[in-house]
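All remarks here apply to the structure that follows.
We did not get these values from a lab; they are worked out from the coordinates using the rules stated. In this text the structure is predicted, and so the values were computed from the model without any measurement. Please note: Cβ atoms are built from the backbone with ideal geometry, for glycine as well, and neighbour counts cover all protein chains shown.
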Amino acid sequence: MNDDIIIRIGHRDEANQQPFPPFHRLFEYTDFFPRSVTVRRGDRVNFQTQPFSFDIVALAADENLARAAYPIIELNHDDPPTLGTGLPSLSFGDGAFPVTGGSTSGGGLIDRSRGKGPPAVGAVQFGQPPGVFRGGDTVEIIGPTVGWDIEQRPATIDQIIEIDAPVGTYAFFDMLHPATRGTLTVVADGDVSTQAELDAAAERQFETARTAALSVEEQLCEIDLCTGQFGERDVVVLVGASAAAGRVLINEFFPRNPLEVMPGDRVHFCWTNAYGVHAVGFAEHPGKLRSPFGFTAPDGTYEATDNIFNAPPPAKYLRPGPRAYRFSCDPGTAPDGTALTRRAGGIGSGLLVGSRYGLGPTARSWSVRINDGTEKGDHHFFDAVHPWMEGVLRVR
């Protein structure tokens with residue numbers, strides 16, 4: 001048996017991962033590095049999560065069947081519509097949790113206490129035994145895995161999976177990010193991947209992705225997204241962007257500079273990134289934003305919970321039965337087109353997702369109006385999912 005083969009999820013890029021002031025920008029490489037590996041039965045693969053990443057690695061013979069059996073995000077037509085958009089609310093399906101011994105027909109052991117990590121198997125830093133992938137119609141969902149340790153510090157997390165599958169071709173993919181996938185080939189004889197080959201391919205892949213992301217970022221920084229005259233303008237803010245076929249998420253607001261607005265203007269926040277997951281909110285600082293992830297009570301009320309990684313939620317949220325809570329997304333605190341008032345903020349869109357999540361009807365924009373009641377000065381807005389993303393509306 002070979003040494004553990006390492007496939008990295010995400011990639012470090014210090015020059016373009018600058019979440020802290022004054023930059024507020026971060027390239028998130030939502031990709032496997034590299035995207036293909038050849039092994040023999042009995043080999044072990046380390047799907048290694050990089051710092052700052054959040055992924056839900058899964059293995060199956062057929063990715064589409066696996067995603068159909070374990071959806072990651074679902075619409076709730078039975079709950080009240082969201083306040084932010086007036087459309088159905090979003091909650092997390094079985095694909096958001098570790099699944100051990102699953103299949104393309106569903107089932108398996110689903111651990112709903114680990115919606116924010118750690119995985120149920122495979123995570124070395126949490127003292128877990130390796131997971132096992134047996135091929136056939138089995139589905140193994142390893143994550144959620146976050147690139148943070150138990151002390152909430154950025155960290156590399158090793159996830160060891162033993163490959164006990166027959167000769168054939170299989171898929172590994174990220175339930176959370178629709179563009180993140182790779183190919184696992186199991187052979188009986190012949191050459192298998194070496195770590196040196198994988199690292200060289202990963203580096204070429206990274207260089208291509210980084211170049212594409214820098215090009216997109218440069219173009220968006222130069223675009224004027226405002227139309228009309230002051231007092232009747234439509235001002236557009238892009239909530240993130242993507243490059244390299246969705247394999248790099250550019251987590252920053254465009255345009256970057258403070259936007260001057262005045263009464264009569266309307267500011268539109270647009271989720272043009274098909275692969276993005278964001279929740280825009282106005283606040284004095286991101287710590288005052290409501291958590292984008294929480295639980296929906298049996299009566300349809302959303303209860304935000306602290307966004308702490310690698311820890312189970314309070315016990316009441318895990319009780320089964322007909323009046324169980326659901327792990328859900330923030331439905332927002334203000335309707336589309338709400339007038340902005342206090343500089344202290346307090347209003348938000350709720351969590352919205354890009355088109356590649358395949359949900360509908362859903363909204364991909366949210367707006368605020370500037371009127372005579374809007375307090376003059378700087379109004380700061382953030383993304384509750386990626387709290388380093390910050391922008392400013394300067395009301396004059």
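Among E217, E207, which comes first, second and so on when ranked by fewest other beta-carbon atoms within 10 Å?
Taking fewest neighbouring Cβ atoms as first place, the list is E207, E217.
Pick from A120, A15, A179 the residue whose mean-square fluctuation is largest in a GNM of the chain, springs joining Cα atoms under 10 Å.
Residue with maximal mean-square fluctuation among A120, A15, A179: A15.
Any chance you could check the Cα centroid distance between the stretch 277-322 and the stretch 187-205 for me, in angstrom?
Between the Cα centre of the stretch 277-322 and that of the stretch 187-205, the gap is 41 Å.
Given 0.36 nm per residue, what is the gain on full extension from Q152 to A324 after removing their alpha carbon distance, in nm?
That pair, Q152 and A324, stretches by 59.1 nm at full extension.
To check you understand DSSP bridge types, tell me what percent of the beta bridges within the chain (both residues inside) are antiparallel, rounded to 5.
Around 75 percent antiparallel, to the nearest 5.
Given a cut-off of under 8 Å on Cα pairs at least six residues apart, what relative contact order in percent is computed for the chain?
19 percent
Rounded to the nearest 500 deg cm²/dmol, what is the calculated helix-only ellipticity per residue at 222 nm for the chain, with -39500 (n - 2.57) per DSSP H run of length n ≥ 4?
Only helices count here, giving -3000 deg cm²/dmol.
Would you pull out the residues with amide H under 5 Å of T183's amide H, same chain only if 5 or more places away, H placed 1.01 Å from N?
For T183, the qualifying residues are S36, V37, F172.
For a footprinting-style exposure proxy, rank V392, V39, V353 by other Cβ within 10 Å, fewest first. Before the final figure, lay out the partial values.
Details: V392 16, V39 19, V353 24.
Neighbour counts put them in this order, fewest first: V392, V39, V353.
Residue by residue, what Karplus-based ³J(HN,Hα) values in Hz, rounded to whole numbers, does the stretch 12-21 have, using 6.51, -1.76 and 1.60 with θ = phi - 60° and x for Gly and Pro?
Working through the residues one at a time gives 6, 7, 4, 5, 10, 10, 10, x, 8, x Hz.
Could you check the simple spin-label distance between L225 and V167, using points 7 Å along Cα→Cβ, in nm with one decimal?
Placing both labels 7 Å beyond Cα along the Cβ direction yields 5.3 nm.
Please give the Cα centre distance for the stretch 127-182 versus the stretch 32-88, rounded to the nearest Å.
Centre-to-centre distance over Cα atoms comes out at 10 Å.
Using a Förster radius of 22 Å, what is the FRET efficiency between F20 and I308 based on their Cβ-Cβ separation? Nearest 0.05, please.
Efficiency, rounded to the nearest 0.05: 0.60.
Return, ordered by residue number, the residues of the stretch 31-52 whose backbone nitrogen is under 18 Å from a label point located 7 Å along Cα→Cβ of V187.
34-45, by backbone N distance to the label point.
Show me, for the stretch 247-262, the HN-Hα J-couplings you get by feeding each phi into the Karplus relation (A = 6.51, B = -1.76, C = 1.60, θ = phi - 60°), rounded to Hz, glycine and proline as x.
Result, ordered by residue: 8, 10, 9, 9, 8, 7, 8, 10, x, 7, 6, x, 9, 7, 9, 8 Hz.
With only Lys, Arg, Asp and Glu charged, each at its Cβ (+1 for the first two, -1 for the last two), find how big the charge dipole of the chain is about the Cα centre; round to the nearest 20 debye.
860 debye
For H77 and A201, compute 0.36 nm times the residue count separating them, minus their Cα-Cα distance, and round to one decimal in nm.
Details: separation 124, 0.36 × 124 = 44.64 nm, distance 4.47 nm.
Gain on stretching H77 to A201: 40.2 nm.
Running a GNM on the chain with Cα contacts under 10 Å, which residue among P320, P255, P80 ends up with the highest mean-square fluctuation?
Evaluated over the chain, the most mobile residue of the options is P320.
Within the stretch 379-396, list the residues whose amide N lies under 18 Å from a label point set 7 Å along Cα→Cβ of H285.
Inside the label zone: 379-392.
First measure r as the distance between the Cβ atoms of T341 and E218, then evaluate 1/(1 + (r/R0)^6) with R0 = 51 Å and state the FRET efficiency to the nearest 0.05.
So, using R0 = 51 Å, E works out to roughly 0.90.
In percent, how large is the relative contact order of the stretch 214-395, given Cα pairs closer than 8 Å and 6 or more residues apart?
Value for the stretch 214-395: 27 percent.
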